[in-house]
Amino acid sequence: FGTKVLPGLSNCLRALVLEEAAPGPGRRDLAVIAFEVDHGDVIKPCYGYRFEYGGRVAVFSSDTRYNQNVIKYGAGADLLVHEVASARPELMKEAYVQRIIGHHTTPREAGQVFSLTKPKLAAFTHIVQLGSDKIAPPTLEEMLAETREIYDGPLVAGEDLMAFEIGDTVTVRRYQQA
């Protein structure tokens, strides 16, 4: 495979794009497609990724606000892994909270993305739950419920070391410590 590296910032993944190789022995039908996402005005560039292999598709949003490219590249994916961030309304008065939320996708917006793309399984990742000394952060259950106001398809909240097996269905494997 030929490769091309797309530059990014340290908190945005660097993209390694596998270019199509000539047919022949050893060829693998893997495509990794990097697409630009919007992680705010000063954090550029930032990329999401679409992985295609054996007729299966997994999409990773990376850090992004609500973005049409995630919808475009996520359409019909087997698995769509999307970041999400939330704060209680009373905390949204704080400038620093507005700035953080302004660089991410809210649970309601994630629900809109999932509703439009219709993945076999949607999953939250990079779950940002903002709180303060006086205001508790939203719970994961509240964030899932907000997404469920718009999206009624399969949805899980990602966990450390969680794995997904993509076949005719998408199976979630939670890490089990030995």
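The values are calculated or read from the model by the stated rules, or taken from the named source; none is laboratory data. Everything quoted here is computed from the prediction, not taken from an experiment. Here the Cβ positions follow ideal geometry from the backbone for every residue, glycine too, while neighbour counts run over all protein chains shown. Only protein heavy atoms, including side chains, enter the accessible area calculation; ligands, DNA and RNA are left aside. Shrake-Rupley method; radii C 1.70, N 1.55, O 1.52, S 1.80 Å.
Calculation over all alpha carbon pairs of the stretch 61-118 in 5 angstrom steps from 0 returns a P(r) of 4, 21, 29, 20, 11, 9, 5, 1 percent.
Rolling a 1.4 angstrom probe over the protein heavy atoms with all chains in place gives the stretch 88-178 an accessible area of 61 Å² per residue.
Element breakdown for the stretch 19-178 at a 1.4 angstrom probe: carbon and sulfur atoms account for 51% of the accessible area. Calculation over all alpha carbon pairs of the stretch 116-177 in 5 angstrom steps from 0 returns a P(r) of 4, 14, 23, 20, 19, 11, 6, 2, 1, 0 percent. Per residue, the convex hull around the alpha carbon atoms of the stretch 87-151 comes to 85 Å³.
Listed by chain and number, the lysines placed with their C-alpha closer than 26 angstrom to that of residue 72 are 4, 44, 118, 120; residues fewer than eight positions away on the same chain are left out. Note on the stretch 76-178: with charges restricted to the Cβ of Lys and Arg (+1) and Asp and Glu (-1), its dipole about the Cα centre is near 140 debye. Computed across the stretch 58-178, the Kirkwood radius stands at 14.8 Å (inverse of mean 1/r, all Cα pairs).
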